[in-house]
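Only the coordinates and a few stated rules stand behind these numbers; no lab work does. All figures in this text were calculated on a predicted structure; none of them were measured in a lab. So basically every Cβ, Gly included, is an ideal-geometry build from the backbone, and we count neighbours across all protein chains shown.
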Amino acid sequence: LTNQQVIALLLHHLVRNRGGRGVVTKTFNTTAMVDKMCVAWNLPLTEVGIGFRFIAPELMKPGALFGAEESGSVGFANHIPERDGLAAGLFLLEMLAMEKISINQLWANLEWSFGPHCYARFDAHYPLEKRAALMEFLKASPPKKLLRSPLAKVDSRDGVKFVAEDSTWLMLRGSGTEPVLRIYAEAKTDADVRKLLKLGVSLLAH
């Protein structure tokens, strides 16, 4: 399982098996399946910048339920305001014990309900001194579509994220510690994700 799949499975367990209600917080490079789950289950969703430091304060607010970021870090309300992999593992085991089916079948059930969501990330070496100019170019000259779907919005709060009308997305963001540009993509198939990553790499040579 990918980090993104684990995040969706944990949210499923908290809501469907444990009866949890409350605000879900995610970084804006986390799977769009979370957005669809929150809509279906009438849960408030807060989207924040990348890094658990943006999630932790939300978990301390009244009415919080769950927080997650793309790297796999997750946190839970009424618990420590910090990422907790041990608690996440225990919740996954509890989910398996309660539902009595394999984790692969649980994921298949989520895809049946909310559609397939495939994800990957590619890290490309990119000079730090060129990063600012690249980000400005991406904001000013976004692609008109991603694969077969017209572009719906551009989010530039941390890097640049292109989101298509069908929820497909491509994001480019610089590392905060090294001359690396991270390219993230989510689509309905692994083949489409690879195409998006290839598009992302091509944008580096504008």
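Brief remarks on what is shown
- Put in order of Cβ neighbour count within 10 Å, fewest first, the listed residues Ile101, Ile50, Ile55 become Ile101, Ile50, Ile55.
- Relative to the longest principal axis of the Cα atoms of the chain, helix 103-114 runs at roughly 70 degrees.
- Selection from Gly176, Ser73, Ala132, by position along the positive dipole direction of the chain (Cβ): Ala132
- Think of the chain as having a plus end and a minus end, set by charges on the Cβ of Lys, Arg, Asp and Glu; of Leu203, Thr30, Gly51, Leu203 sits farthest toward the positive end of this dipole.
- Counting only residues at least eight positions apart within a chain, or on another chain, the aspartates and glutamates with an alpha carbon under 19 Å from that of Lys130 are Asp158, Glu178.
- Normalised by the number of residues in segment 3-114, the mean separation of alpha-carbon contacts (under 8 Å, six or more apart) gives a relative contact order of 28 percent.
- Gain on full extension, evaluated as 0.36 nm per residue between Asp84 and Ala132 minus their Cα-Cα distance, stands at 13.9 nm.
- The aspartates and glutamates within cross-link reach of Lys26, meaning a Cα-to-Cα straight distance under 13 Å and a gap of 8 or more places when in the same chain, are Asp35, Glu47, Glu58, Glu69, Glu70.
- Contact order normalised by residue count of the chain, Cα under 8 Å, 6+ apart, percent: 17
- The DSSP beta bridges internal to the chain are antiparallel in roughly 75% of cases.
- Inter-label distance, Met60 to Ser156: 3.2 nm, where each label sits 7 Å from its Cα along the C-beta direction.
- Annotation: the residues Lys144, Lys198, sorted from fewest to most other C-beta atoms within 10 Å of their own C-beta, follow the order Lys144, Lys198.
- Three-way shape label, segment 118-203, alpha-carbon gyration tensor, a/c 1.5: oblate
- FRET efficiency, Phe122 to Ala40 (Cβ-Cβ, R0 45 Å, nearest 0.05): 0.90
- Once the Cα atoms are used to define both axes, helix 85-99 deviates from the longest principal axis of the chain by about 60 degrees.
- Dipole magnitude of segment 3-114 about its Cα centre (Cβ charges: Lys, Arg +1; Asp, Glu -1), debye to nearest 20: 240
- Segment 98-175, relative contact order in percent, only Cα pairs under 8 angstrom and at least six apart counted: 17
- Two-decimal log10 I(q)/I(0) for the chain, as the Debye equation yields it once each C-alpha is a single scatterer, q = 0.17 Å⁻¹: -1.17
- In a reduced charge model with +1 at each Lys and Arg Cβ and -1 at each Asp and Glu Cβ, the chain shows a dipole moment near 420 debye about its Cα centre.
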